[in-house]
Amino acid sequence: MDKPTIEEVLRRNYSFIAKADLEDGGWIIFYPDLPGVMSQAESYDEIGEMAEDALRTWVEAQIQAGRPIPEPAELELPDWQWPTVGEQLKSTGE
């Protein structure tokens, strides 16, 4: 099996979590599917950039070392039945 390229891995649909750091401020970012991929962001606006940078750096190191890169987990989203604004207005009589 051929090694994936960095760009092939980055096109995979990995999810990350950004958790507010209530003690020190800012945000802690990690990828549940990828052990060791972590970063920090000082502001909410930096989260995406820092998450992408951490992922790219980790993937490059994994590929260079010849280590496997796990596939993203399949996340099942809840089947929420959110009413539309129109439906909400009808139910309140507005």
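The values are calculated or read from the model by the stated rules, or taken from the named source; none is laboratory data. Source: prediction; values computed, not measured. Using ideal geometry, Cβ is built from the backbone for each residue, glycine included, and neighbour counts are taken over all protein chains shown.
So for segment 1-18 (the condition being touching a Phe, Trp or Tyr at 6+ places or on another chain (Cβ under 9 Å), free of Cβ contacts under 8 Å to residues at least 40 places away in the same chain and surrounded by fewer than 16 Cβ atoms within 10 Å (Cβ to Cβ)), does at least one residue qualify? Break it down into steps so the answer makes sense when it comes.
Step one: of segment 1-18, the residues touching a Phe, Trp or Tyr at 6+ places or on another chain (Cβ under 9 Å) are 14-18.
If we keep only those that are free of Cβ contacts under 8 Å to residues at least 40 places away in the same chain too, we end up with 16-18.
Still in the running and surrounded by fewer than 16 Cβ atoms within 10 Å (Cβ to Cβ): 17.
Looking for residues that are touching a Phe, Trp or Tyr at 6+ places or on another chain (Cβ under 9 Å), free of Cβ contacts under 8 Å to residues at least 40 places away in the same chain and surrounded by fewer than 16 Cβ atoms within 10 Å (Cβ to Cβ), one finds at least one in segment 1-18, hence yes.
Which one of Val85, Val37 is at pLDDT 95 or above and of a type in the set (A, V, I, L, M)?
On the way: Val85 fails: at pLDDT 95 or above.
Selected residue: Val37, the only one of Val85, Val37 that is at pLDDT 95 or above and of a type in the set (A, V, I, L, M).
Let me confirm something: among Lys3, Lys19, Lys90, which residue is assigned to a loop (DSSP other than H, G, I, E, B) and basic (Lys, Arg)?
Lys3
Can you run down the residue pairs with Cβ atoms below 9 Å, 6 or more apart or on separate chains, where the first is in segment 50-76 and farther than 15 Å from Glu8 by Cβ and the partner is among the acidic types (Asp, Glu)?
Met50/Glu42; Ala73/Asp33
Out of all the residues in segment 31-83, which are under 22 Å from Ala20 (Cα atoms), β-branched (Val, Ile, Thr) and outside any loop (DSSP other than H, G, I, E, B)?
Ile47
I'd like the full set of residues that are among the charged types (D, E, K, R), surrounded by 15 or more Cβ atoms within 10 Å (Cβ to Cβ) and under 26 Å from Glu76 (Cα atoms), limited to segment 19-51.
Step one: list which residues in segment 19-51 are among the charged types (D, E, K, R), which gives 19, 21, 23-24, 33, 42, 45-46, 49.
Filter once more, so that each one left must be surrounded by 15 or more Cβ atoms within 10 Å (Cβ to Cβ): 33, 46.
Correct list: Asp33 only.
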